[in-house]
Amino acid sequence: MNKEKLLNDFENYLRNEGQRLNTVRGNSSSARVFLDWTTNEQINYLEINYTDLLAYIDHQKARGNTKNTINGKLQGIKHFYNYLQQKELVQSNPAEELRIKNVIKRQPHDLIEWEDLEQLYKNYPTSSVTGKRNKTILGMLIYQGLNSGEVAAIELKDVKLEEAKVYIPSVGRSNSRTLKLESIQILQLQKYIAQVRPVLLAMAEKQSEKLFISSGNGNRLDNSLNRLIKQVRKLNPKIKDPKQIRASVITYWLKHQNIRQVQYMTGHRYISSTERYRTDSLETLQEQIDELHPLK
């Protein structure tokens, strides 16, 4: 396949996985650099092996790249081979077990108290159509602890109001799951589906199966989420972004639920991802070190 066509298809795959624009660009760039290297080394990227990938890491180290930079490039390569697997061009992902050693991971910090998050939801203004939509999204961020990609991936059919449940599709590395809708958000969600969503579709002159609709011509929610956060900051200047909200929610959950239940609720594939949010870890650690192969 032509390289440009391959990379364009790869970018479409990343978008369908729910990745944000900057992440798509970064992973696509990492794949392009990697493919250029395989061409120069006369290596067939469809037949790459673990040893070849270690040689690529050495190449990147020789170019003076830091461990964090190389780690980012490897993440792009992992996504690239996941894409090739989906296309049935390769049978396995040779980069799947590749890990970076001694990369510092910051613990969640600047957390927001649960009471403040609930007050934020109650006080969010709904005078406009987009305000009503954004409050409904804010409810998903707070009460279901979703990330931005998951919010964008929910479809109308995923909401079961009569059961007070919502199905969260798998996005990126997260697992799919079904979560409880809290009573405080059900009426808002019901009004959004019945009254607000049809207006947004008419305003944008488009059709969509997605639950949340942007008011513009595109289908992405990036601008809508940015405006939501700007409004939220007026109510609570401590709020930074959806990631901070999610981290605060997970930390709160861990104080009231067992860790396996929280792992399911967050969609984490690995229990270690959930453990990072445990209160005892947050109080005693400022950073976490991943000590796995191959970088020293």
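The values are calculated or read from the model by the stated rules, or taken from the named source; none is laboratory data. For clarity, every value in this text was computed on a predicted model and none was experimentally measured. Here Cβ is always computed from backbone atoms with ideal geometry, including for glycine, and neighbour counts include all displayed protein chains.
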Original post:
Across region 255-264, what is the number of residues that are within 22 Å of V151 (Cβ to Cβ) and touching a residue at least 24 places away in the same chain (Cβ under 8 Å)?
Top reply: 1
Original post:
How many residues does region 134-162 hold that are within 26 Å of E113 (Cβ to Cβ) and of a type outside the set (D, E)?
Top reply: 17
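For (1) free of Cβ contacts under 8 Å to residues at least 40 places away in the same chain; (2) within 16 Å of D222 (Cα to Cα); (3) hydrophobic (A, V, I, L, M, F, W, C), each residue gets a yes or a no:
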{"position": "V129", "(1), (2), (3)": "no, no, yes"}
{"position": "T136", "(1), (2), (3)": "no, yes, no"}
{"position": "G139", "(1), (2), (3)": "no, no, no"}
{"position": "N147", "(1), (2), (3)": "no, yes, no"}
{"position": "K160", "(1), (2), (3)": "yes, no, no"}
Original post:
Can S208 be described as in contact with a Leu (Cβ under 9 Å, 6 or more places away or on another chain) and of a type in the set (S, T, Y)?
Top reply: yes
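In region 125-146, how many residues are outside any helix (DSSP H, G or I) and buried (at least 21 other Cβ atoms within 10 Å of the Cβ)?
Adding up the residues that qualify gives 3.
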Subject >> Matching residues in region 151-186 - criterion: being closer than 25 Å to Y81 by Cβ and part of a helix (DSSP H, G or I) >> reply: A152, A153
**OP:** Go through region 39-51 and give me each residue that's modelled with pLDDT of 90 or more and either closer than 28 Å to K243 by Cβ or crowded, with 17+ Cβ neighbours inside 10 Å (or both).
**Re:** Y45
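Of these, R15, R32, which one is within 27 Å of the chain's Cα centre (by Cα), within 25 Å of K243 (Cβ to Cβ) and surrounded by fewer than 18 Cβ atoms within 10 Å (Cβ to Cβ)?
On inspection, the qualifying residue turns out to be R15.
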**OP:** Considering (1) acidic (D, E); (2) more than 30 Å from E155 (Cβ to Cβ); (3) in contact (Cβ under 8 Å) with a residue 24 or more places away in the chain, say which one E47 fails and leave the rest.
**Re:** (3)
**OP:** Exactly one condition in (1) on the phi > 0 side of the Ramachandran plot; (2) under 25 Å from the mean Cα position of the chain (by Cα); (3) modelled with pLDDT of 85 or more; (4) not hydrophobic (A, V, I, L, M, F, W, C) is not met by G64; state its number.
**Re:** (2)
**OP:** Being more than 27 Å from L120 (Cβ to Cβ) and surrounded by 14 or more Cβ atoms within 10 Å (Cβ to Cβ) is the filter here, so list the residues in region 205-218 that pass it.
**Re:** K206, S208
Original post:
In this structure, does K78 turn out to be closer than 25 Å to R173 by Cβ and basic (K, R)?
Top reply: yes
Original post:
Somewhere in region 72-84, is a residue free of Cβ contacts under 8 Å to residues at least 60 places away in the same chain and surrounded by fewer than 16 Cβ atoms within 10 Å (Cβ to Cβ)?
Top reply: no
